[in-house]
Each structure stands twice: as C-alpha cells, then as structure tokens.
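What follows is a set of notes on a single structure, which appears directly below.
The values are calculated or read from the model by the stated rules, or taken from the named source; none is laboratory data. Fair warning: this is a prediction, and the values are worked out from it, not measured in the lab. Note: ideal-geometry Cβ built from the backbone for every residue, glycine included; neighbour counts use all protein chains shown.
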C-alpha cells in the first residue's frame, strides 16, 4: 500500500497558499532548497508535476489544483479533529460548498437547500455564484461539493461529472396586485402587449418562455431583461411589469414580494440539476439534496391555469 507523506503535502500546501518558495520558507522556518526537495519527492510519489515555472513565479498545474483542493480539506479536517477532541467531541460542524449558476432561480436554491439546515448535524453552507464553466472547474478541483444548474453540463466539458435531476416545474406568471388583477382577466391573451420583465437572453428559463409565447402567438412588450433574477423581482414588485417564476417557488415569491398570481403556463418547463464529481467520501448533505425531488405538487395552493382553448 502506498502512503502519502503529509510533511511533503504540508510543504506543497504552504507554497501554494503563500505564492512563493521564499514566503513559504519564512513561514515554515526552513530553507528554500529543503522545501523544493520535499515538493519534488511529493511529485515523484504522485507521478505528476504540481508547479510550472512562469518567469519568477511558480504556478499550479492542473494536477496541482486538484492536490491543493484535497490538501485544503485534509488540513481543515485535521484542525477540526483537534478542536473536536479538545472542546466538543462528536459535534464537528460540516461545511457544504455549493456553486449556483447565475441564471438559477434563487428562490428555488432556497427550496433545495432548506433540508440541509434541518439536519441533526450542524452544517455551514458556503454559496458561490458564477458561470457554469467556472463552477465546474472549481468542482473538478474539489473546491465545491456540488453545483446547482438549470441545465445539464455540455457534452463538450472535459470533466467527468454526475448530473442528478432534482425535478422540474412549470412557470407561473405573476405581478404586483394592480397589474395582476388586470392581466388575470383573459389570461393568457392578456399578456399580449403587456409590460414584461424577463430573464437574460440565452438562459434556459428565457428560452422556455420565448417558446411558450411563440406557441401562443403572444408578443409581450419587454421592458427590461435581467441577469440578476432577484433584481427582476424587486422591479416587478414596483408594478413595472409581469414576471414568470418557477411554480414550485410561487408561494415564497408572493410572500416576499407581495405578488399575485396571474396564471400558470403548465407546459413551460424548467429543470433543476445538481452536478457532482465522484469522490471517495460522500457528503451527507449532498446525499440529502440529490435524493429530493421538487415538483409543482409541492404547492399547497394553485394559481389559475391557462385555458387551452383561449
């Protein structure tokens, strides 16, 4: 059995964190040649180069990024082990690093993560928002435990991922009380020419909405488009236009922003996915998330559904 030398790993981890051999040597109180030799032995053991030279700077290779991710976790667990034994045995707090694609509805994120906060074991959740490629890179480097996305990763991604479908939902149109009362009469034809606040172009939700409008020959008047869906809801609460929200998050949206439902687009579907990579240690919170399924039937009340004959 091959054993990892943790002294070598700590020297590598310190250089990666400090950014240079000189600063790492000062921190560890050893010479630079000693650190170089330890890192070389680690590279020999792993069979991969961990740093590449760029001018006077050492940059992590792809393998180095992966090793750094594991090293961060190993030494964090070591610190927590000491703390748990000395202070609170058996009560170690879990950390869950979640990446959220920027087009993913934040109210749905809240729904998906809600069970994590009711676990018997304390969980510290760290959420990071970004574009899918950037988040998948962090996932591959084990800086994230999972990524929440509104579509599966592209087949061109050169990272082995596992995509867990968390469910799907229809869309429900809603607006501030005055505009909603006006649009509710004659829905869905009432949306034709009505002021609309929509997600940014080329996002899954926007594409689904545009297809739904085309199928019904509807042309809402687009007032604004948003990358930030929370800002879109704030503006909708000011009666500047109607919006579409995932039906599974409708109650939360109405409670938070004072919206009224206009009508549901039953065949305008939005999917939710959790993307993970294979890991040797399964995270209990990730397991809890991937086992749950969100669907419209989770709602206690239902808004008016479009009349298929209108």
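Worth pointing out:
- From 148, 198, residue being in the same structural domain as residue 242 (by TED's automatic domain parsing) and either out of contact with any helix residue (DSSP H, G or I) (no Cβ under 9 Å at 6 or more places or on another chain) or not in a loop (DSSP other than H, G, I, E, B) (or both): 198
The rows are residues; the columns are (1) surrounded by 12 or more Cβ atoms within 10 Å (Cβ to Cβ); (2) touching a residue at least 40 places away in the same chain (Cβ under 8 Å); (3) not assigned by TED's automatic domain parsing to the domain that holds residue 141; (4) not in a helix (DSSP H, G or I).
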position	(1), (2), (3), (4)
10	yes, yes, yes, no
13	yes, yes, yes, no
16	yes, yes, yes, no
24	yes, no, yes, no
30	yes, no, yes, yes
33	no, no, yes, no
38	yes, no, yes, no
42	yes, no, yes, no
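- Scan the range 78-91 for residues that are surrounded by 12 or more Cβ atoms within 10 Å (Cβ to Cβ) and modelled with pLDDT of 60 or more and the total you get is 3.
- Residue within the range 244-252 that is modelled with pLDDT of 90 or more, surrounded by 20 or more Cβ atoms within 10 Å (Cβ to Cβ) and over 26 Å from the mean Cα position of the chain (by Cα) present: no
- Evaluation of residue 211 against the conditions (1) over 27 Å from residue 153 (Cβ atoms); (2) out of contact with any helix residue (DSSP H, G or I) (no Cβ under 6 Å at 6 or more places or on another chain); (3) modelled with pLDDT of 90 or more shows that the sole unmet condition is (1).
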